[in-house]
Structures are given as structure tokens and as C-alpha cells.
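Participant: First, the structure itself, so that you have it in front of you.
All of the numbers you see were taken from the coordinates with simple rules; none came from a lab. Please read these numbers as outputs of a predicted model, since none were measured by experiment. Here Cβ is always computed from backbone atoms with ideal geometry, including for glycine, and neighbour counts include all displayed protein chains.
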Amino acid sequence: MIKQNDILKKIVHTEDYLNSFFLERETLISLLLLTIFSKQNMFILGKPGVAKTELVNQASLMIKNARIFRYLLTKYTTPEEIFGSISLGKLKEDRFYRKIDNKLADVEIGFIDEIFKGNSSILNSLLMIANEKIFINDNEVVNVPLISLFGASNEIPDDEEMEELQALYDRFTIKYIAEPIKDFRNFSRLLLSGDKPAPVADSMLLDLDELSIIYDESQNITPDQDILNLIYKIREYCYENNHYVSDRKFRNTVKVLKVCAYVNGRSSIIAEDLFIMPYMIWEKPEDFLTIKQDVQNILFDHIFNSILSKISIRVSDSFAKFLDDLILSSNNNYNEYTKCYSYLKPKQKEDLIIQYQLIREYLYKISRIVEHLEAEILSYEAKQYLRVNRLIHQQINLTINNKLAEFVSYKNKLDGLNEKIQSTLHEGD
């Protein structure tokens, strides 16, 4: 019997192995593996020479007995090159039957480079293979063994061309923009590295049965209402900002999130898993960074308020503005009223007392927030297997620390105001 822990060890080994050779590709490698584990399709955008083809090829070699079909499309590519030549024997029987052996409809992993360059007959057949996992051969419906189709391109077609290609483009649940290596040390390592990584021990390869286990067991995970609400909130954000995401894409996204939870050793989806959603939402490359930042803000706010909900305090978007206004007005009034409290009119006294009470109230709240965040940071050590989740975990930790620093700053300011106004009120007595 295959155990989940044994599979997870192989996944960690696979990631570490690929990352040891493909530098600055941590997120891409995690997303590529999630694509395969969730039986989805992935599109990689990038200039020539950023290892798109080689990475997909090497990842497929990490799956025992998985067959891969690779092809570079041009406007002259014929269906025979992708789907197989016509059987002359069948043609004599008036049948238009293709010999599909070792072609796209006969493998587990497909990689089509310059995928938008194909003609309509090729692209239409790709639609059914990519989504329904079937191929119409003459009048026969063939169930293809394809697990994932990877498409790549150096560029995105213009809006007019994309209208015709939208159906195919939407079949790619995950999309990634690959860029050249940026770090000097990694670039130096690249120049000194060999052409291929060292071979992997057969015992550490994932096999097709294990891929089936990952998919089947992960799909038993049911998102709770909190996660469904978050996904809906992200969907609303997309619609409000004219980022079209199909219902099919959201449905497939949930399949990926289930796998993400499973391969991180969890039986439930958590908000951290949703940080990969920007890679499933963007359509135009120029929108990606904005979408990523906006979705992260939605998720950070949710995680932060979930932490504070344990002490029954909610921090809305206007909370910081309220504190800034309170500190500013209190400082102004203090400077105006200081040392002459006994001569103030009743209304001025009342204003200062109200502000003093507000400062005391919010000083108490912020002191509790600071204490809780400090404790949360110490206990916030979720175990993550996939590197993309470890990177997300680090980012969340950093954000919580930044929030903590922000509230410590507010606490110090309110402490100072509290002491000054309290002293002034006592002088008035």
C-alpha cells in the first residue's frame, strides 16, 4: 500500500532536484508539479532560452513510464505531425483514421511550443484533448491518456487574434511568465553548470499510480465556507476590474487548491493556498503584477483579521486612518489647550476628555493586538512541502511582522499622548 508520506517525500525530492539545476524557477517548478498532480494544463510565456522546454521535459522524466510528446508549431505545421498520419489501410475502407501511436493523443505529457502559431484544424483538435481528454479519430471517440498539456509562447497574440484563440487559452488553468536569471551568483552557477542534471535514483521517481493517488485523494477535500467566501471575493474583484475569468477556470482552480493542500500534508484548504490564484487569473501579462498585489492584499487582510478574531478585534481598512486622525487631532488640541486647562470652556474640556477616553480605549485594543501578534509569530510555523508555499509562508510572516511594527508605533504614540493628556487633566484638577 502506497502511503501519503512516501509520496510527499518523493515530491520534495523532485522539487529539490529540479531546483538544483533550474535556478530562480522555484515558483514555476511548484506550479508545474501542481499542474500535473491536478491533471490541469499550463501555459508558459517567455522569451527563447529561459528553459521552458527543458524544464517541462525534465519534470516529465521524474515520472516513471510517463511518455512525452514535444513539438514546435509553425503556420505550416500539419495535423499529421501532431495527431498522426492517415492510415492507408483504413483509407481504402473510406475511413479517415489516424495512426496516433506516440503522437499527442497517445502520451501522458504534451508540450506544444509556439502554441498560438497553429492553424485552426490543429487548434480545434487541441481543445478537446486539453479539456475533455478525448480525440475524435474518424467517428471513433478515443480517451487519451494525457495528464497535462503544456503550451508555451514567446509572445501573446494581439487582441484581435486572441478573440479566435480565447477558447484554447482558457483551457490553460495555470499561466506563468518566465524571465531570465537575475541574480549574479545564480547566473554564474548557470555558466558553470553542465548540460543536464545528474540522473535520479529509480526509487525516488513518482509513478503513474502515485499520480492517480494524489489526484483521487486530494479531490476528496472539501473547501469550507470561509475558503468559498474568499474565492468569491476574489471573483468579485476580477469582475469589478474587468479581468474575465470563466466559471470553468474557477472550477479547475479549486481542483488545484485541493491538490495544493494535499501535497502540503493537509486535509483542508487554507487561505495561504489561495496565494497561487493570481497565476490562474491573469490574461494579459501587463496585468499580472497588479492582480497579484491586489489578490495578496485581499488574502493578507483576511489572514490578519482571522488572527485578530481570536481576541474579538477587527481591523477594517479605515482603522489606520482613524488612528492617524485621532493622534493628529489629539496632538493639535493638546498643544492648543496645554497648561491652560483650568481656563478652558466646558465644551473644550469635554472635547479633551472624550479624546482622552478614546485614546485609552484604543491604547487598550492596540496593546492587545501587539501582544497577540507577538504570540502568533512565535507559534506560526505551519509545515509546508511545496517551495511555493514555503515562499508564501515567509511572505505572510514578514507581513505580520510589518503589521506588528505598525501597531507598536501606534502604541508608542498613543502611550505618549495618554501620559501628556492625563498629566494636563490632573493639572486642571
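Participant: Nearest 0.05, what FRET efficiency do Asp16 and Leu228 give at R0 = 35 Å with Cβ-Cβ as r?
Facilitator: 0.55
Participant: Based on the Cα atoms of the stretch 1-156, what semi-axes does the equivalent ellipsoid have, where each is the square root of 5 times one gyration tensor eigenvalue, given in whole Å with the largest first?
Facilitator: 31, 19, 12
Participant: Still on this structure: Over 24 Å between Cα atoms, which of Lys47/Lys196; Lys47/Lys255; Lys10/Lys196; Lys3/Lys39; Lys249/Lys292 qualify?
Facilitator: Lys47/Lys255, as the Cα separations exceed 24 Å there.
Participant: Rounded, prolate or oblate: which fits the stretch 1-90, taking a ≥ b ≥ c as square roots of the Cα gyration tensor eigenvalues, rounded meaning a/c under 1.5, else prolate when a/b beats b/c?
Facilitator: Verdict is oblate for the stretch 1-90.
Participant: Using θ = phi - 60° and the Karplus curve 6.51 cos²θ - 1.76 cosθ + 1.60, what whole-Hz ³J(HN,Hα) does each residue of the stretch 206-216 get, with Gly and Pro shown as x?
Facilitator: Karplus-based 3J(HN,Hα) across the stretch 206-216 equals 6, 10, 5, 5, 5, 4, 5, 5, 4, 5, 4 Hz.
Participant: Another question about this same structure. Output needed for the stretch 157-300: three equivalent-ellipsoid semi-axes, defined as square roots of 5 times the C-alpha gyration tensor eigenvalues, in descending order, whole Å.
Facilitator: 29, 25, 17
Participant: Based solely on its DSSP helices, what 222 nm [θ] is calculated for the chain when runs of n ≥ 4 H residues each add -39,500 (n - 2.57) and the sum is averaged over all residues, nearest 500 deg cm²/dmol?
Facilitator: -19000 deg cm²/dmol
Participant: Quick query: amide H of Asn137 versus all other amide H atoms, modeled in the peptide plane; which residues come in under 5 Å with a sequence gap of 5 or more or a different chain?
Facilitator: Residues meeting the amide H criterion: Val142.
Participant: When the chain is modelled as a GNM with alpha-carbon springs shorter than 10 Å, which of Arg266, Arg251, Arg67 fluctuates the most?
Facilitator: Most flexible of the set in this elastic network: Arg251.
Participant: Check the straight Cα-Cα distances from Lys64 and name the aspartates and glutamates below 14 Å, setting aside those fewer than 8 residues away within the same chain.
Facilitator: Within reach: Glu108, Asp202, Asp207, Asp209, Glu210.
Participant: Residue farthest toward the positive end of the dipole of the chain, with Cβ of Lys/Arg at +1 and Asp/Glu at -1: which of Ile327, Val245, Leu45?
Facilitator: Checked the options; the winner is Ile327.
Participant: Separate question: Using θ = phi - 60° and the Karplus form 6.51 cos²θ - 1.76 cosθ + 1.60, what ³J(HN,Hα) does each residue of the stretch 149-166 get, whole Hz, x for Gly and Pro?
Facilitator: 10, 10, x, 9, 7, 7, 7, 9, x, 5, 4, 5, 5, 5, 4, 6, 9, 4
Participant: If you put +1 on each Lys and Arg Cβ and -1 on each Asp and Glu Cβ, how big is the dipole of the stretch 221-310 around its Cα centre, in Debye rounded to 20?
Facilitator: Roughly 360 debye for the stretch 221-310.
Participant: Follow-up question, since we're still on this one. With labels modelled as points extended 7 Å from the Cα through the Cβ direction, what inter-label distance (nm, one decimal) is found for Met128 paired with Gln293?
Facilitator: Result for the modelled spin labels: 4.5 nm.
Participant: I've got another one for you. With a 10 Å cut-off between alpha carbons and a GNM built on the chain, which of Leu205, Leu191, Leu126 moves the most?
Facilitator: So, out of Leu205, Leu191, Leu126, the one fluctuating most is Leu191.
Participant: May I pose another question? In terms of modelled amide H atoms, which long-range or inter-chain residues lie less than 5 Å from the amide H of Ile100?
Facilitator: none
Participant: Can you tell me, using C-alpha contacts under 8 Å and at least 6 residues apart, the relative contact order of the chain as a whole percent?
Facilitator: After rounding, I find 18 percent.
Participant: Please list, or write none, the lysines whose alpha carbon is within less than 22 Å of the alpha carbon of Lys411, excluding same-chain residues fewer than 8 places away.
Facilitator: The qualifying lysines are Lys310, Lys321, Lys365, Lys403, Lys420.
Participant: Here is a further query. Could you go through the stretch 295-303 in sequence order and give the Karplus-derived ³J(HN,Hα) for each residue, using 6.51 cos²θ - 1.76 cosθ + 1.60 with θ = phi - 60°, rounded to whole Hz, and x for Gly and Pro?
Facilitator: 5, 4, 4, 4, 6, 4, 4, 5, 5
Participant: Per 0.36 nm of contour for each residue apart, how much would the distance between Asn5 and Arg70 grow if the chain were fully extended, relative to their Cα-Cα spacing?
Facilitator: Here the answer is 20.2 nm.
Participant: Within straight cross-link reach of Lys103, meaning Cα distance under 18 Å, which aspartates and glutamates are found once same-chain residues fewer than 8 apart are removed?
Facilitator: Result set, ordered by chain and number: Glu80, Glu81, Asp113, Glu114, Glu132, Asp138, Glu140.
Participant: Another question, if that's okay. When a/c is below 1.5 the answer is rounded, else prolate if a/b is larger than b/c, else oblate, so apply that to the chain with a ≥ b ≥ c taken from the square roots of the Cα gyration tensor eigenvalues.
Facilitator: prolate
Participant: May I have the extent of the alpha carbons of the stretch 221-310 along their three principal axes, as whole Å values ordered from largest to smallest?
Facilitator: Extents along the principal axes, in whole Å: 35, 28, 19.
Participant: Taking the chain as a Gaussian network, where each spring joins two C-alpha atoms under 10 Å apart, which residue of Asn65, Asn229, Asn139 fluctuates the most?
Facilitator: Asn139
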